[in-house]
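Single-structure report; data block below.
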Amino acid sequence: MQGDKLYHYAVIRLVPRIEREEFFNVGLILFCKRERYIRFEYHLCPDKFRLMHSEADYDDVIENLETHKQIAEGNPQCGPIAQLDIPERFRWLTAVRSSIIQSSRPHPGKTGDLDKTFERLFEELVK
């Protein structure tokens, strides 16, 4: 369709104990270069977090997720990464890393409504 926009998204995962390779989905990032669109949202259920027997502090994880969101939004207070253009911020946020906050590989799609697609994916994959 002519109104369809190409987008890429990745699921944000919490890996409380990296050596066990267990994770659960806590967020989503979606971007569309043509529309200069990027959106990052997260939801970390405290009860689910406690079930993972993590040594990480819940508030520290929330703070890190919030920093990721601020970087995605381009908040200049978050340093030089946040000042990169949207595709570079997306690539940085979805880069492979060995930390407790990781992302899936990016996946492509097409949509006529980026916000509606984000909401649907967030509901299906995170909540």
Just wondering, is there one or more residues in the stretch 74-81 that are under 14 Å from A10 (Cα atoms) and surrounded by fewer than 17 Cβ atoms within 10 Å (Cβ to Cβ)?
-> no
Mind listing whichever residues of the stretch 1-35 are surrounded by fewer than 17 Cβ atoms within 10 Å (Cβ to Cβ), under 22 Å from L65 (Cβ atoms) and hydrophobic (A, V, I, L, M, F, W, C)?
-> I18, F24
Being closer than 21 Å to H43 by Cα and free of Cβ contacts under 8 Å to residues at least 12 places away in the same chain is the filter; apply it to the stretch 105-127 and report the residue that is farthest from the chain's Cα centre (by Cα).
-> K116
Condition met for I38 (β-branched (V, I, T), surrounded by 18 or more Cβ atoms within 10 Å (Cβ to Cβ), under 16 Å from the mean Cα position of the chain (by Cα) and under 19 Å from D113 (Cα atoms)) | yes
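Can you work out which of the residues in the stretch 48-81 that are in a loop (DSSP other than H, G, I, E, B) and charged (D, E, K, R) is nearest to the chain's Cα centre (by Cα)?
So, considering only residues that are in a loop (DSSP other than H, G, I, E, B) and charged (D, E, K, R), the one nearest to the chain's Cα centre (by Cα) is D57.
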Please enumerate the residues belonging to the stretch 1-41 that are of a type outside the set (S, T, N, Q), in a loop (DSSP other than H, G, I, E, B) and without any contact (Cβ under 8 Å) to a residue 12 or more places away in the chain.
-> E21
Flag for H107 being under 18 Å from I12 (Cα atoms) and exposed (fewer than 13 other Cβ atoms within 10 Å of the Cβ) = yes
Six or more apart or on different chains, Cβ under 7 Å: which pairs go from a residue in the stretch 65-81 that's charged (D, E, K, R) to one that's part of a helix (DSSP H, G or I)? Could you list them?
-> none
Assuming R50 fulfils every condition listed in (1) surrounded by fewer than 18 Cβ atoms within 10 Å (Cβ to Cβ); (2) basic (K, R); (3) touching an Asp or Glu at 6+ places or on another chain (Cβ under 8 Å) apart from one, which condition is it?
-> (3)
Any idea how many residues of the stretch 82-104 are assigned to a loop (DSSP other than H, G, I, E, B), surrounded by 14 or more Cβ atoms within 10 Å (Cβ to Cβ) and within 15 Å of the chain's Cα centre (by Cα)?
-> 3
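Values in this text are rule-based calculations from the coordinates and carry no lab data. Note that the coordinates shown come from a computational prediction; the quantities given were computed from them, not determined experimentally. Neighbour counts are summed over all protein chains in view; Cβ atoms, including those assigned to glycine, are modelled from backbone coordinates with ideal geometry.
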